[in-house]
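Notes follow the structure.
The values are calculated or read from the model by the stated rules, or taken from the named source; none is laboratory data. What you see is a predicted model; the values in this text were computed from it and never measured. Here the Cβ positions follow ideal geometry from the backbone for every residue, glycine too, while neighbour counts run over all protein chains shown. Keep in mind that these areas ignore ligands, DNA and RNA; they rest on the heavy atoms of the full protein, side chains included. Shrake-Rupley method; radii C 1.70, N 1.55, O 1.52, S 1.80 Å.
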Amino acid sequence: MNGSLESSFPNLKPRNYKVTSPKSIEYNCIAWAANDTSACWWPDSFDLYYWPSGIERTETLETFIKVFESLFYNICDSGEFEEGFEKIAIYVKENKPTHAARQINAKYWTSKLGKDIDIKHEIGGVSDSVYGSISVFMKRHLSFTKLKNLA
């Protein structure tokens with residue numbers, strides 16, 4: 001994907017994104033948004049990928065929201081940066097979740113492009129492309145991230 005990155009994502013321009021890691025098949029965008037680099041997360045019906053127990057394995061926005069709620073995220077109004085909070089954005093295309101990105105700071109978000117590379121990008125960088133558009137923003141207090149890292 002890296003060779004055709006800007007053709008796959010027309011909103012990405014050299015000035016508004018940066019590749020931050022090499023290709024890796026160990027994890028995907030949902031895992032990356034959840035701060036997990038040890039597994040690919042997807043609600044496939046064959047149990048090929050990791051999916052949190054107790055959450056239905058269906059490709060619906062409601063299911064993806066439940067997954068992030070299980071990680072202490074709550075739906076919020078916008079992707080505007082808020083000190084002390086970590087935010088994610090869930091993308092949808094044709095009524096199906098396709099991607100999730102995690103906010104880094106007031107200007108940048110981070111995305112794992114499938115099983116390819118990770119990039120740092122502006123919020124609109126991967127919108128209106130293969131991933132569709134942002135359907136929901138969610139946030140959690142940074143204290144939950146620190147607690148997870150201690151576990």
> Is there any pair linking a residue in the stretch 121-145 that is farther than 18 Å from PRO97 by Cα to one that is of a type in the set (A, V, I, L, M), with Cβ under 8 Å and at least six apart or on different chains, and which?
Replying inline: HIS121/LEU12; HIS121/ALA101; ARG140/LEU71; PHE144/LEU71
> Is there a residue being out of contact with any helix residue (DSSP H, G or I) (no Cβ under 9 Å at 6 or more places or on another chain), without any contact (Cβ under 8 Å) to a residue 40 or more places away in the chain and aliphatic (A, V, I, L, M) anywhere in the stretch 51-69?
Replying inline: no
> Restricting attention to the stretch 84-120, and to residues there that are farther than 20 Å from LEU61 by Cβ and in contact (Cβ under 8 Å) with a residue 60 or more places away in the chain, which single residue is nearest to the chain's Cα centre (by Cα)?
Replying inline: THR110
>> Just to verify a result, which residue in the stretch 121-139, among those that are of a type in the set (A, V, I, L, M, F, W, C) and open to solvent by 10 Å² or more (accessible area, probe 1.4 Å), is nearest to PHE72 (Cα to Cα)?
In response: PHE137
> Taking the stretch 1-33 on its own, how many of its residues are in contact (Cβ under 8 Å) with a residue 40 or more places away in the chain and small (Gly, Ala, Ser)?
Replying inline: 5
> Somewhere in the stretch 86-109, is a residue at pLDDT below 95 and surrounded by 21 or more Cβ atoms within 10 Å (Cβ to Cβ)?
Replying inline: no
>> For the structure I just gave you, tell me whether PHE81 is at pLDDT 95 or above and over 14 Å from the mean Cα position of the chain (by Cα).
In response: yes
>> Regarding the stretch 69-78, can at least one residue be identified that is within 15 Å of PHE137 (Cα to Cα), among the aromatic types (Phe, Trp, Tyr), open to solvent by less than 20 Å² (accessible area, probe 1.4 Å) and touching a strand residue (DSSP E or B) at 6+ places or on another chain (Cβ under 7 Å)?
In response: yes
